[in-house]
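The values are calculated or read from the model by the stated rules, or taken from the named source; none is laboratory data. All of these numbers come straight from a predicted model, not from anything done at the bench. Cβ coordinates were reconstructed from backbone atoms using ideal geometry, including for glycine residues, and neighbour counts include every protein chain displayed.
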Amino acid sequence: MDTPRIEHLPERDRYALIDDGTVIGFAAYRDSGEQRDFHHTEVDDAYTGRGLATKLIEFAIADTRSQGKRIVGSCPMVAAWLGKHPELDEFVDQPSA
């Protein structure tokens, strides 16, 4: 099996993890002004344990930064990833209550 690819699907407000033409995971977001709030991330159970969620989040965060947007991690997976990367703190806003 090849490594799944990651694509930004702005028309669907998500980054998708694609394997052989099938979406096997995604990181969904909502844009509000200069913020991109990641609110849900999932990877199909058949693909867990391969670090794909981490690769998906890394790609999504890097792409978001390249667009000059600030990052909000409402999704627990994204929040946990951001917590391991304090070098990005200056680009991160906390989720609103």
Cβ pairs under 7 Å, 6+ apart, first in segment 1-17 and under 16 Å from Asp37 (Cβ atoms) and among the basic types (Lys, Arg), second part of a strand (DSSP E or B) and modelled with pLDDT under 95: none
Any hit, segment 21-37, residues being under 10 Å from the mean Cα position of the chain (by Cα), farther than 15 Å from Pro95 by Cα, of a type in the set (D, E, K, R) and surrounded by 15 or more Cβ atoms within 10 Å (Cβ to Cβ): no
Filtered residue count, segment 57-88, keeping only those that are of a type in the set (Asp, Glu) and under 14 Å from the mean Cα position of the chain (by Cα): 2
Failed criterion for Phe91 (all others in (1) within 14 Å of the chain's Cα centre (by Cα); (2) surrounded by 13 or more Cβ atoms within 10 Å (Cβ to Cβ); (3) not aliphatic (A, V, I, L, M) hold): (1)
Residue match in segment 41-61 (condition: modelled with pLDDT of 95 or more, in contact with a Cys (Cβ under 6 Å, 6 or more places away or on another chain), outside any loop (DSSP other than H, G, I, E, B) and surrounded by 14 or more Cβ atoms within 10 Å (Cβ to Cβ)): yes
Pairs with Cβ under 9 Å, 6+ apart, first in segment 55-71 and polar (S, T, N, Q), second surrounded by fewer than 17 Cβ atoms within 10 Å (Cβ to Cβ): Thr64/Arg70; Thr64/Phe91
